[in-house]
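Accompanying notes for the structure given below.
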Amino acid sequence: MKYVTSIERNASKKSLTKGISLGLRLKFGDRGQDLLPEIEVIDDIDTLERILEAIEKKATIDELRQIYQTTTE
């Protein structure tokens, strides 16, 4: 397993969050942007990657929200 520094982890989180923000805006408009405060508190890179990948596949905001609510509860 590759060691990832906190700087690399923070850069990954920032990049993923930007991609998620863009995807939410393009797919769901302003309503999608309402999810950002919930998503920005997620530190797990794997969860953020799953969210980013799911934006294209999920039909509703609630379906997308289920991805990270099940991992954070």
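Calculated FRET efficiency, ARG25 to ASP46, Cβ-Cβ distance, R0 = 25 Å: about 0.60 to the nearest 0.05. The helix-only estimate of mean residue ellipticity at 222 nm for the chain, built from DSSP H runs of length n ≥ 4 each weighted as -39500 (n - 2.57), is -24000 deg cm²/dmol after division by the residue total. For the pair ARG65 and SER6, a Förster radius of 25 Å applied to the C-beta separation gives a FRET efficiency near 0.35, rounded to the nearest 0.05.
Label-to-label distance, GLU56 versus LEU36, with points set 7 angstrom from Cα along the beta-carbon direction: 2.3 nm.
Only sites in a loop by DSSP and with at most 15 other Cβ atoms within 10 Å count here; which chymotrypsin sites (Phe, Trp or Tyr not before Pro) in the chain make the cut?
In loop regions of the chain (DSSP not H, G, I, E or B), the sparsely surrounded chymotrypsin sites (Phe, Trp or Tyr not before Pro) are TYR3.
Based on C-alpha pairs under 8 angstrom that are at least 6 apart in sequence, region 6-72 has a relative contact order of 34 percent.
What is the projected area of the convex hull of the Cα atoms of region 6-72, averaged over all directions, in nm²?
4.0
The number of Lys pairs in the chain with C-alpha atoms less than 22 Å apart, excluding pairs fewer than 8 positions apart on the same chain, is 11.
Values quoted throughout were computed directly from the atomic coordinates according to the rules given, and no laboratory measurement underlies them. The structure presented is a predicted model; accordingly, all values stated were derived computationally and were not measured. In this analysis, Cβ positions are derived from the backbone assuming ideal geometry, glycine residues included, and neighbour counts consider all displayed protein chains.
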